[in-house]
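Only the coordinates and a few stated rules stand behind these numbers; no lab work does. Source: prediction; values computed, not measured. A quick note on method: Cβ atoms are made from the backbone with ideal geometry, for glycine too, and the neighbour counts reach across all protein chains shown.
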Protein chains: 2
Amino acid sequence: MNPAANFDNMAWTDSACPVARTLDLVGDRWSLLIIRDAMDGARSFTDFQRRTGVARNILTDRLRRLVERGILERETASSGRRQVYLLTEAGRDLFTVIVAMRQWGERHTYAQHEDHSVLVDKSGLPLAQLRPIDSDGVTANIDTTTVLRDS
Amino acid sequence: MNPAANFDNMAWTDSACPVARTLDLVGDRWSLLIIRDAMDGARSFTDFQRRTGVARNILTDRLRRLVERGILERETASSGRRQVYLLTEAGRDLFTVIVAMRQWGERHTYAQHEDHSVLVDKSGLPLAQLRPIDSDGVTANIDTTTVLRDS
């Protein structure tokens with residue numbers, strides 16, 4: 001568990017489900033857009049405000065919550081003049097979730113000739129498509145998998 | 001693009017970003033919990049209500065939106081007596097997003113001996129960890145990737 005986070009006061013929607021816990025922590029549009037922007041280099045309140053276009057009171061609330069939940073940490077910038085928000089290790093690890101959302105959006109929400117931003121590696125090439133893989137190395141889907149409770 | 005969906009009336013938060021489009025369509029806790037439950041076999045209004053515990057008016061609204069957005073389709077059950085909600089192809093393809101959220105939740109929100117549900121394949125074994133992979137076959141992260149705009 002993320003040592004930076006304090007979940008003692010979390011009223012989990014469905015405590016035994018890891019999907020639901022993730023959603024309780026980061027499952028709203030503005031939080032995930034803030035995380036997206038932090039991954040892309042946003043650090044200050046103004047950075048996040050300009051990129052997301054979110055109202056200041058909502059941004060203040062979401063940044064506070066993301067710090068409390070161990071996704072961001074707040075530091076004083078080296079200039080000593082302003083606060084910056086940096087992803088924690090747990091926050092950085094949401095990269096896989098953001099990439100999965102990006103790839104789904106690319107596949108399902110654009111018409112053929114519509115432009116969109118692209119995530120590229122150091123060679124300027126797109127990442128491979130994420131695919132859930134089962135224990136035999138075969139692509140898994142909802143028909144080949146089952147959720148077991150009370151593990 | 002998903003032929004079932006009609007996005008003409010969508011006011012995208014950030015139209016050029018596939019992450020943001022995905023969040024505009026499904027980026028709220030209840031929608032993603034409904035999608036999770038549909039993947040796990042929930043079909044009727046009562047199924048979704050019982051599993052998520054969501055208020056009926058919110059569930060009605062989210063089911064309607066997910067149908068409009070091409071994630072679920074509504075059909076009359078074979079008994080002819082009730083409506084059921086089935087994932088479309090685009091909805092089924094959110095499996096990767098849900099698995100990414102599940103795996104992040106497993107890694108970061110449970111104490112060492114805390115129980116949680118487990119997603120298993122036909123052999124009863126967990127799926128491999130999803131990892132973004134770059135064009136050289138190496139694990140990618142936020143330091144090794146860049147978002148290019150106006151592609």
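For the range A:99-119 versus the range B:71-88, the spacing of their alpha-carbon centroids is 28 Å. Using a 7 Å projection from Cα along Cα-to-Cβ, the label point at B:Phe45 is separated from the same position in the remaining copies by 4.5 nm, smallest value first. By Cβ position, the chain A residue that hugs the axis carrying A onto B most closely, with its distance in whole Å, is A:Ala100, 2.
Quick one: compute a quarter of the convex hull surface over the Cα atoms of chain A and quote it in nm².
Details: hull surface 51.3 nm².
Reported value for the Cα convex hull: 12.8 nm².
For the range A:64-130, just say rounded, prolate or oblate: build the C-alpha gyration tensor, square-root its eigenvalues into a ≥ b ≥ c, call rounded for a/c under 1.5, and beyond that prolate if a/b exceeds b/c, oblate if not. Here the range A:64-130 falls in the prolate category. Along its three principal directions, the equivalent ellipsoid of the range A:3-92 from the Cα gyration tensor extends over semi-axes of 23, 15, 11 Å, largest first. Between copies, B:Asp61 shows label-point distances of 1.4 nm, shortest first, with the point placed 7 angstrom from Cα along Cα to C-beta.
Normalised by the number of residues in chain B, what is the relative contact order in percent for Cα pairs under 8 Å and 6+ residues apart?
Values: 121 pairs, mean separation 27.2, N = 151.
This gives 18 percent for chain B.
With all projection directions averaged, the alpha carbon convex hull of the protein assembly as shown covers 17.4 nm². Inter-copy label distances at A:Arg82, shortest first and taken from points set 7 Å along Cα to Cβ: 5.5 nm.
Segment B:Lys122..B:Asp143, full-extension length gain: 4.0 nm, with 0.36 nm per residue of separation and the alpha-carbon distance subtracted. Cα centroids of the range A:1-70 and the range B:124-151: how far apart, whole angstrom? Between the Cα centres of the range A:1-70 and the range B:124-151 lies a distance of 21 Å. Helical runs assigned H by DSSP (4 residues or longer) give chain B a calculated mean residue ellipticity at 222 nm of -11500 deg cm²/dmol, each run adding -39500 (n - 2.57) before division by the residue total.
What GluC sites (Glu not before Pro) in the range B:86-151 are in a loop by DSSP, with at most 16 other Cβ atoms within 10 Å of the Cβ? Before the final figure, lay out each step's value.
Details: sites: B:Glu89, B:Glu106, B:Glu114; in loops: B:Glu114.
Passing sites in the range B:86-151 are B:Glu114.
Near A:His116, the amide H atoms lying under 5 Å from its own belong to B:Ser151; only residues 5 or more places off or on other chains count, and H is placed 1.01 Å from N.
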